[in-house]
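These notes concern the structure reproduced below.
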Amino acid sequence: MTQVSLGNRRDFRALFDHLDGVALWTATQPGEFDYISAGFEDIWGIPPAEVKDDVSLLIDSIHPEDRDRVRKNIEESAQGTRDETYEGRVVQPDGSVRWVLTRQVALRDDDGEIAEVVGICTDITEQQGREQELELLNRIVRHDIRNDMAVVLGWMEMLEDHVDADGEAYLRKILASSEHVVELTEIAHDYVETVVSDEDLAVEPVSLRSVLTTELSLREESFPEAKFVVDGSVPDVSVAADSMLSSVFRNLLNNAVQHNDKETPLVEVSCELRDDGVDVRIADNGPGIPDDKKEFVFGKGERGLGSPGTGIGLYLVQTLVSQYGGDIRIEDNEPTGTVFVVELPRAE
């Protein structure tokens, strides 16, 4: 039987001993470690030598709410039932809590028997903190701000019959700005759900015609001052995407109107089928984007009329399209304006 061992390989040991917040451990027998990297102490607050002599110290340091689950994962990986990736909390001797992502892999010898179990632990405490903050922010934006803005919009609509002609124009502007705030809560929600998610995107067949025509209809209601035109027809094809595809078109259509300096914003939509995909072109008659700004337009945080970007909206668009296996590019419109070309793969 050929033994497979990482614990005795100096190159691996030297590598992991110099990584902060990452620990490597190997075991040839359940409950026994033949190697633990120096990074272990950064996470657990316990010297590796102490754990090698007393494995119970490791189990005892797991947060009580996670302990049974972690113990089960260790046992199943050692038995070769399956490889494991899981998160858990470690309580250090001083009482501080660290979040750890652990990946366990069983290495087999030439006879197919388990020769060694390798575990890599990564400190994800800061990541967990950011995710919790984002979830809190998302709840505030989606519920508190959205609910308050709904009340404000209701009051302003009641004022429509009580303002004179001079005040009506200002009321229209306030209503438009308020509706934009509500829209931003949707973008913020989409951003949190998509960009910071640890889960793999579940791409599935999505009807391009259904999603795009629905968003066009909704934008016509939101922007009665704008003109939306479909050149030809939207093909009845399925593309590889998910339910967030509507957010892609919503942000691009909104951008075409909100950053338009014409009295009557014109948005033209056209589609072109390819053998393996479809190109959706969204063109506007706005001021356009200078060539030296095009590469920054999808930057997270770029926004404002003096900026080529629109906050997180276009950043979200690029992220989603990329996750679908597609691409997005910017072209100049004639005589003025911008064209966003979204390349989406057909569903298999």
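Readers should treat all values here as calculations from the given coordinates under stated rules, not as data from a laboratory. Please read all numbers here as calculations on a predicted model, not as lab measurements. Every residue, glycine as well, gets a Cβ built from its backbone with ideal geometry; the counts of neighbours run over all protein chains shown.
For the reader, a short list of remarks on this structure follows.
- 15 Å beta-carbon shell around residue 278, net charge (K/R +1, D/E -1): -4
- Neighbourhood net charge (12 Å Cβ-Cβ; Lys/Arg +1, Asp/Glu -1) for residue 89: -1
- Of the peptides 286-293, 243-250, 84-91, the order by per-residue mean of other Cβ atoms within 10 Å, starting with the highest, comes out as 243-250, 84-91, 286-293.
- Bridge type composition, segment 201-348 - antiparallel percent by DSSP, nearest 5: 85 percent
- Backbone amide hydrogens, once placed in the peptide plane, bring residue 230 within less than 5 Å of 269, excluding anything fewer than 5 places away on its chain.
- Packing-based exposure ordering (other Cβ within 10 Å, fewest first) of 185, 336: 336, 185
- Positive contributions from Lys and Arg (+1) and negative ones from Asp and Glu (-1), summed over other residues with Cβ under 12 Å from the Cβ of residue 324, come out at -3.
- Near the amide H of residue 328, within less than 5 Å, lie the amide hydrogens of 343, all on another chain or at least 5 residues away, with H placed in the peptide plane.
- Report note on the peptides 224-230, 161-167, 338-344, 98-104: ranked by the mean count of other C-beta atoms within 10 Å, highest first, their order is 338-344, 98-104, 224-230, 161-167.
- Neighbour-count ranking [beta-carbon atoms within 10 angstrom, fewest first] of 65, 41: 65, 41
- Take every pair of alpha-carbon atoms less than 8 Å apart whose residues are at least six positions apart; their mean separation over the length of segment 201-348 yields a relative contact order of 25 percent.
- In order through segment 86-91: 3J(HN,Hα) via Karplus (6.51 cos²θ - 1.76 cosθ + 1.60), integer Hz, x for Gly, Pro: 8, 10, x, 9, 10, 9
- Base-10 log of normalised Debye intensity for segment 201-348 (one unit scatterer per alpha-carbon) at q = 0.09, 0.12, 0.16, 0.20 Å⁻¹: -0.25, -0.45, -0.82, -1.30
- Taking amide H as placed 1.01 Å from N in the peptide plane, the amide H of residue 278 sits under 5 Å from that of 344, 346, each at least 5 places away or on another chain.
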